[in-house]
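What follows is a set of notes on a single structure, which appears directly below.
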Amino acid sequence: MKIPSRVIDMFETLIVRKKGKIPLKNPVLVAGLPGIGLVGKLAVDYMVKELKAEKIAELYSPHFPHQVIMQKNGVCRMLKNRFYLIREKKQSIIVLTGDVQAITSEAQYEVCGKILEYFRSIGGRTIYTLGGYGTGRTPTHPKVFGSATHKKLIPEYKKHGLIFGETHGSIIGVAGLLLGMGKIKGMGGVCLMGETHGAFADAKSAKAVLESLSKLLGINMNLSKMDERAKESEMFMKKMENEAQKQLKGIAPPEGQGSGLSYIR
């Protein structure tokens, strides 16, 4: 996917689409970016590889940390988020994954606004965000909690094993804002939160979230390679955290959020 020269001078978030018209059928959005326990990112990255998703767009933003990634082939690249397409008989699944999230509140709103604008432009109305729900404990059998945009949606989601009413607090970053802002724009959906300790990458929790999501979307996935794939993502994100920690020193974190790294990991 060729990056336009205007990206170099960007002062706002920009989504670069794949050329040509892409036929879509009842598109739904599944978003999983770095967050608590890396649950959302591990889940969608596995989904992209296992279902051989096709990349259809890339998102670049001046609100991401000011760095580039040095790759094994010796080439560096910009930090970015990516949109993939999974074609199913009854629907098109748009998967959002990426390296990082924006690192300030204002930036989160700007980036999420661009994501929703793009999703609406391709006919999307339903959003599933994936993340972790940190408890400070390591569960043997992680539960999957839900928080929906509309009360009328809860009974249907409960049929697929999501637990409502047992969580408290807030959903920080893209996993929460996409639903909150999406609701204002007439969209609906749910956040699937895997129960996790929160201090380390949790493949078991990501697997539980994928099992619930598979039921919601009516798709089949072989999850046997989940642990192996999780290790690769964890190594990458540790490097990202080290760099992000240096950059976040001058940024005040949201109340009750410690170092603020929940935006990154």
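Things to note:
- Derived value for the stretch 94-144: Kirkwood hydrodynamic radius 13.7 Å. Basis is the mean of 1/r over every pair of different alpha-carbon atoms.
- Histogram of C-alpha separations across the stretch 5-239, 10 Å bin width, %: 7, 34, 39, 17, 2, 0
- Loop-located trypsin sites (Lys or Arg not before Pro) across the stretch 94-145 with a Cβ neighbour count of 12 or fewer within 10 Å are Arg137, with loop assigned by DSSP.
- In order along the stretch 97-102, the Karplus-derived 3J(HN,Hα) couplings, from 6.51 cos²θ - 1.76 cosθ + 1.60 at θ = phi - 60°, round to 9, x, 7, 8, 10, 5 Hz, and Gly and Pro are given as x.
- Each of Lys90, Lys204 was scored by other Cβ atoms within 10 Å of its Cβ. Arranged with the fewest first, they read Lys90, Lys204.
- Of the cross-linked pairs Lys89/Lys152; Lys90/Lys215; Lys25/Lys207, those separated by over 20 Å at the C-alpha level are Lys89/Lys152; Lys25/Lys207.
- 3J(HN,Hα) along the stretch 217-222: 8, x, 10, 10, 9, 7 Hz, from the Karplus curve 6.51 cos²θ - 1.76 cosθ + 1.60 with θ = phi - 60°, whole Hz, x for Gly and Pro.
- Our estimate of slack between Ser170 and Leu24, defined as 0.36 nm per intervening residue step minus the Cα-Cα distance, is 49.3 nm.
- Of the chymotrypsin sites (Phe, Trp or Tyr not before Pro) in the stretch 79-175, those whose Cβ has at most 16 other Cβ within 10 Å and which sit in DSSP loop: Phe164
- Ala57 long-range amide H proximity, modeled H, under 5 Å: Lys18, Phe83
- Stokes-Einstein diffusion coefficient of the stretch 118-167, Kirkwood radius over Cα pairs, 10 °C, 1.306 mPa s, in µm²/s: 122 µm²/s
- Estimated vicinal HN-Hα couplings, Hz - the stretch 176-193 in sequence order (Karplus 6.51, -1.76, 1.60; Gly, Pro = x): x, 5, 4, 6, x, 6, x, 4, 4, 8, x, 9, x, x, 8, 9, 9, 10
No lab work stands behind these numbers, since they all come straight from the coordinates. This structure is a prediction, so every number in the text was calculated from the model and none was measured. As a convention, Cβ positions derive from the backbone with ideal geometry for all residues, glycine included, and neighbour counts pool all protein chains shown.
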